[in-house]
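The values are calculated or read from the model by the stated rules, or taken from the named source; none is laboratory data. A quick note: this is a predicted structure, and the numbers were derived from the prediction, not measured. Backbone-built Cβ (ideal geometry, glycine too); neighbour counts: all protein chains shown. These area figures cover heavy atoms from the full protein model, side chains too; ligands, DNA and RNA do not enter into them. Shrake-Rupley method; radii C 1.70, N 1.55, O 1.52, S 1.80 Å.
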Amino acid sequence: MRCHVCGGPLERTVTDLPFKLGAHRTVIVRDLPALVCGQCGEHVLEDEVMARVEALLDGLGDGAELEVIRYAA
Ligand SMILES: [Zn+2]
């Protein structure tokens, strides 16, 4: 798998990424398994990780403008 921005090599990493839910709500997901580009630093999420994140975000409902959750249970 290569970076979709620059074609560079992707490496596995664990990171924290923010997801915007609407105009005034951001959820930061911690300990997210991701791929990071060694050349440009772009983060890429695999389909199964993205699906799990979407399920987590769907389950949150309305809340604070800024919320931090963990990817791992
Ligand atoms: Zn790249």
Potential lengthening between Ala64 and Asp31 on full extension [0.36 nm per residue; Cα-Cα distance subtracted]: 9.8 nm
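Based on DSSP, what percent of beta bridges with both residues in the chain are antiparallel, to the nearest 5?
On the way: 13 of 18 bridges.
Of all bridge pairs located within the chain, approximately 70 percent are antiparallel.
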Scale the Cα Rg of the chain by the rule-of-thumb value 2.2 N^0.38 Å and send over the ratio, two decimals. 1.18
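What does the accessible area per residue of the chain come to in Å², with a 1.4 Å probe and no ligands, DNA or RNA counted?
Numbers: 4790 Å² over 73 residues.
Per residue, the chain has 66 Å² of solvent-accessible surface.
Which percent of the accessible heavy-atom area of the chain goes to carbon and sulfur, probe 1.4 angstrom? Please report the intermediate quantities before stating the final value.
Values: 2410 of 4790 Å².
Accessible surface attributable to carbon and sulfur in the chain totals 50 percent.
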Relative to the longest principal axis of the C-alpha atoms of the chain, give the angle of the C-alpha long axis of helix 47-58, reported between 0 and 90° and rounded to the nearest 10°. 20
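Any idea what the dipole of the chain comes to, in debye rounded to 20, about its Cα centre with Lys/Arg Cβ at +1 and Asp/Glu Cβ at -1? Write out the running numbers ahead of the final one.
Details: 7 positive and 12 negative charges, 32 e Å.
Roughly 160 debye, rounded to the nearest 20.
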Normalised contact order of the chain, rounded percent, pairs of Cα under 8 Å and 6 or more residues apart: 32
Could you order Asp16, Asp58 so the one with the most accessible surface comes first? Probe is 1.4 Å. Asp58, Asp16
